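The values are calculated or read from the model by the stated rules, or taken from the named source; none is laboratory data. In this text, all values refer to a predicted model and were calculated from it rather than measured experimentally. Heads up, the Cβs are rebuilt from the backbone with ideal geometry, glycines too, and the neighbour counts pull from every protein chain shown.
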Amino acid sequence: MLAFSLDLNGFEPGSPIHFIAVGGCLLATLISSGLGRRWRERQPKFERLLRIGWGVFIIVTQLVTTMWWLLPQNFNWRVSLPIHICDIVAILAAVAMLASTRWVWAVLYFWGIGLSIFAFILPSLTHGPLHVEFYLFWLTHVQIVGTAVYLITVRRFVPTLRDWITVELLLTAYTLIIFPLDAAMDLNYGYIGAVDSPARIMGPWPIRVLYMYLTQAAVLALLLAPWMFIRRGAVQGVRQPD
């Protein structure tokens with residue numbers, strides 16, 4: 001008989017715990033989007049309540065996450081400040097559920113699916129299910145990607161070239177702010193610092209920051225490409241955010 005055990009204290013990418021966590025996030029996304037689609041067509045009030053509850057849950061989760069990392073026993077300059085891209089997008093996910101603001105929806109689609117989804121592939125996580133950090137990590141990222149999927153499948157958001165340009169300008173501004181901060185304080189927010197991280201596969205620092213920037217632009221452009229062939233008539237009667 002083959003021995004089978006799970007390390008509940010630590011976390012390793014590619015481990016059974018990794019696949020279980022990703023599977024749970026996928027299931028939660030499918031269920032919430034499925035309910036949203038069903039209720040939007042048949043019981044719009046329920047769909048609205050789902051969105052409000054979702055948005056409030058995200059806010060609560062982010063408040064708890066921020067306070068947890070700011071506790072003296074947990075604080076670390078390299079991870080505790082809520083200025084990672086995922087920290088910012090998580091807050092915007094709550095806004096997206098509570099309001100119809102086009103640039104917010106665009107950020108959720110492009111950054112959520114194009115960037116934050118890599119957290120499911122190569123999680124920057126070392127804590128297992130016996131630690132609070134494990135649940136905060138997966139909750140935050142499923143809220144981001146799940147919201148992006150919800151906007152497409154339920155709210156029927158159709159990204160445009162203008163949305164892509166807006167998102168790229170915002171990401172450029174983020175890079176110009178965070179890069180000197182990382183360099184000056186030996187940090188790695190946005191994974192664009194000199195600190196060793198999964199981003200090292202892109203080459204030596206600082207040239208890898210340029211490679212990362214060009215790569216994300218290409219990836220987000222690929223996310224836009226299919227929609228360039230979808231006519232606006234496909235979403236006739238569905239209000240797009242302003």
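For segment 97-112, a tally of residues being more than 18 Å from R48 (Cβ to Cβ) and in contact with a Pro (Cβ under 8 Å, 6 or more places away or on another chain) returns 4.
Would you check which residues across segment 126-136 are part of a helix (DSSP H, G or I), of a type in the set (A, V, I, L, M) and more than 19 Å from I88 (Cβ to Cβ) and list them? Of everything in segment 126-136, just one residue is part of a helix (DSSP H, G or I), of a type in the set (A, V, I, L, M) and more than 19 Å from I88 (Cβ to Cβ), namely V132. For I85, are the conditions met, namely being farther than 18 Å from T126 by Cα and either at pLDDT 95 or above or touching a strand residue (DSSP E or B) at 6+ places or on another chain (Cβ under 9 Å) (or both)? Considered against the rule, which asks whether it is farther than 18 Å from T126 by Cα and either at pLDDT 95 or above or touching a strand residue (DSSP E or B) at 6+ places or on another chain (Cβ under 9 Å) (or both), I85 comes out as no.
Remark: pairs (first residue in segment 150-170, part of a helix (DSSP H, G or I); second residue surrounded by fewer than 17 Cβ atoms within 10 Å (Cβ to Cβ); Cβ separation under 6 Å; 6+ apart in sequence or on different chains) = T166/W103. Within segment 190-197, the presence of a residue that is surrounded by fewer than 16 Cβ atoms within 10 Å (Cβ to Cβ), modelled with pLDDT of 90 or more and farther than 27 Å from R38 by Cα is excluded. Residues that are of a type in the set (V, I, T) and surrounded by 16 or more Cβ atoms within 10 Å (Cβ to Cβ) number at least 1 in the following helices (runs of 4 or more DSSP H) confined to segment 48-123: 85-98, 102-107. Among the residues of segment 42-82 satisfying the criterion of being of a type in the set (K, R) and touching a residue at least 24 places away in the same chain (Cβ under 8 Å), which is nearest to H141 (Cα to Cα)? Per the stated criteria, the residue is R51.
Listed by first and then second residue, the pairs linking a residue in segment 13-41 that is under 16 Å from L151 (Cβ atoms) to a residue that is in a helix (DSSP H, G or I) and among the polar types (S, T, N, Q), with Cβ atoms under 6 Å apart and 6 or more places separating them unless they lie on different chains, are S33/T153. The residue list L187, L139 contains one member that is modelled with pLDDT under 95, surrounded by 15 or more Cβ atoms within 10 Å (Cβ to Cβ) and either outside any helix (DSSP H, G or I) or not small (G, A, S) (or both), which is L187. For segment 227-239, does any single residue satisfy the condition of being within 23 Å of the chain's Cα centre (by Cα), within 15 Å of G114 (Cα to Cα) and at pLDDT below 90? Taking every residue of segment 227-239 in turn, at least one turns out to be within 23 Å of the chain's Cα centre (by Cα), within 15 Å of G114 (Cα to Cα) and at pLDDT below 90. Contact map, segment 90-103: residues that are in contact (Cβ under 8 Å) with a residue 12 or more places away in the chain paired with residues that are of a type in the set (D, E, K, R) and buried (at least 16 other Cβ atoms within 10 Å of the Cβ), Cβ distance under 6 Å, separation 6+ or inter-chain. Pairs shown: M97/R51. W54 versus (1) farther than 24 Å from I91 by Cβ; (2) at pLDDT 95 or above: which is the lone unmet condition? Result: W54 fails condition (1) only.
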